[in-house]
Amino acid sequence: SVNKIQDLIPGMILPGIITNITAFGAFVDIGVHQDGLVHISQLSHTFVRDPNEVVKLNQKVSVKIMDVDIDRKRINLSIKEAKGN
């Protein structure tokens, strides 16, 4: 089971919940101590001007782990990659 940042492997697809929406993307709780970021470019296969157009607070989403930086506690996620092509 995934319960800490060290358990995360790029390519994994996990369920999460949107916890915060900013101008540059959305933060997602995936069950580890640190929320991950879905950059605005990774929210949808179509161009997104405002993240609020495609995601809502507390929305359940599937995310793909793109990159993990354990030292800086950064988790980069993608919603569009989790949906496949």
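The values are calculated or read from the model by the stated rules, or taken from the named source; none is laboratory data. Model, not experiment: these values are computed from the prediction. Note: ideal-geometry Cβ built from the backbone for every residue, glycine included; neighbour counts use all protein chains shown. The accessibility values were calculated without ligands, DNA or RNA, using every heavy atom of the protein model including side chains. Shrake-Rupley method; radii C 1.70, N 1.55, O 1.52, S 1.80 Å.
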**Asked** Within the stretch 34-44, how many residues turn out to be in contact (Cβ under 8 Å) with a residue 40 or more places away in the chain and of a type outside the set (S, T, N, Q)?
**Response** 4
**Request:** Go through (1) touching a strand residue (DSSP E or B) at 6+ places or on another chain (Cβ under 9 Å); (2) at pLDDT 95 or above; (3) among the hydrophobic types (A, V, I, L, M, F, W, C) one by one and return the number of the condition VAL2 breaks.
**Result:** (2)
**Request:** Collect the residues in the stretch 57-85 that are open to solvent by 80 Å² or more (accessible area, probe 1.4 Å), at pLDDT 95 or above and of a type in the set (S, T, N, Q), keeping them in residue-number order.
**Result:** ASN58
**Asked** In the stretch 19-71, what residues are within 24 Å of ASN3 (Cα to Cα), more than 8 Å from the chain's Cα centre (by Cα), in a strand (DSSP E or B) and among the β-branched types (Val, Ile, Thr)?
**Response** THR19, ILE21, VAL61, VAL68
**Message:** Tell me whether the stretch 8-31 contains one or more residues that are open to solvent by less than 60 Å² (accessible area, probe 1.4 Å), in contact (Cβ under 8 Å) with a residue 60 or more places away in the chain and within 20 Å of LYS83 (Cβ to Cβ).
**Reply:** yes
**Request:** State which residue pairs qualify: first residue within 19 Å of MET12 (Cα to Cα) and inside the stretch 52-66, second residue in a loop (DSSP other than H, G, I, E, B) and basic (Lys, Arg) in any location, beta carbons under 8 Å apart, and separation of 6 or more residues or different chains.
**Result:** SER62/LYS83
